[in-house]
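Values in this text are rule-based calculations from the coordinates and carry no lab data. Quantities reported herein were computed from a predicted structural model and do not represent experimental measurements. All Cβ positions, even for glycine, are placed from backbone atoms using ideal geometry, and neighbour counts span all protein chains on display.
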Amino acid sequence: MKQRVSIYSDTKMPRLVFPLLIGLVILITGVVSSISNKRKRDTEFAYQETRRALSLLTSNFNRGVQKMTYLREFETAKQKIYNY
């Protein structure tokens, strides 16, 4: 009778499984870390864009307030002329 040769010999299997498991854990850790870093970068980008948009809004609002102040002074002067 032929003797069956097993690919899972007692000495080779544990030697192959543990490095593969360790490699798999390292790979999964790297993928999770990469996803976390991408989210952090996306969050930082969104924050900077929001700051830029609010800064633009503030500058436009301040210009509008200055124009309204000018119009108020003009209206006051106009009323003084008409009431004189």
* Asked: To the nearest 0.05, how large is the calculated FRET efficiency for residue 57 and residue 78 if R₀ is 35 Å and r is the Cβ-Cβ distance?
  -> 0.65
* Asked: Quick one: Karplus J couplings for the range 48-63, per residue in order, coefficients 6.51, -1.76, 1.60, θ = phi - 60°, nearest Hz, x for Gly and Pro?
  -> 5, 5, 5, 4, 5, 5, 5, 5, 4, 4, 5, 5, 5, 5, 5, 5
